[in-house]
1. For ASP21 and THR203, calculate 0.36 nm times their separation in residues minus their Cα-Cα distance, and state this gained length in nm to one decimal.
2. Arrange THR173, THR94 by Cβ neighbour counts within 10 Å, fewest through most, would you?
3. Segment 27-90: which GluC sites (Glu not before Pro) are DSSP loop and have at most 15 other beta-carbon atoms within 10 angstrom?
Amino acid sequence: MKVLSAVATMVLANASLAIADTCAKLSDINSLYRLVAEKKAGDIQIKRLQQEVGVLADGKWGRLSEAAYSALLDRCGSYSYPGEVVQIDNAKVTDFFGEKTVFEKIAVPECVNRRVPVYGEVQAPSDTGAVLGGAIAGGVIGKIVTDSDGGTAVGALIGGAIANESQQNNTVTKVVGYENTMDCKDRYVNMPAKTEKGYAYSTVEFEVDGEPYTLEFKKKWLE
């Protein structure tokens, strides 16, 4: 039983050291996270952050990586480390401190590349019926005016030309091409701004009749 207890104590001690080591780098971790959230981080920086938060370092930041980062902040927020130690007679007073991440809401642009149609005025398709109708009308008028077949032929040519010319002045609006545009919208996210060190609690260690005791308390003037 004593061996198992010693092993459990060693495991807890190692885990505490690992947490302490990671939380000591919290400012650097938050700086990396800002680059990721702002989409300015490269693969190497994303992998480094994933290693720090304890997930597979594949260079792809997703929901699992985000959840691991949030869990790390919670652990570091609840973790406290010893600071100043004061010896008073046979009692030892130790102050413990913790670090808290302070967030701010900022706008992060998210852009999507879109193909937008470009419209322009183009000549309307030729109407064969209109040209033919103009030629027939011109031929009739030519026949009446000249009373000859020659007049009919000339009138038909003139009527067809007039009808064709009138069609050339007709235009329609249609898609003449496409252009790539960047459509951007702001997405508001909570971004780590800084880490603040603050007092957490104190402990006093002493002995009574050879028995060690440890009591936890808070100094009101340090909160």
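1. Taking ASP21 through THR203 to full extension adds about 63.3 nm, to one decimal.
2. Values: THR173 9, THR94 15.
Final ranking by Cβ density, sparse to dense: THR173, THR94.
3. Here the sparse-neighbourhood loop sites are GLU38.
Quick note: the coordinates plus some simple rules give every number you see, no bench work behind them. All of these numbers come straight from a predicted model, not from anything done at the bench. Please note: Cβ atoms are built from the backbone with ideal geometry, for glycine as well, and neighbour counts cover all protein chains shown.
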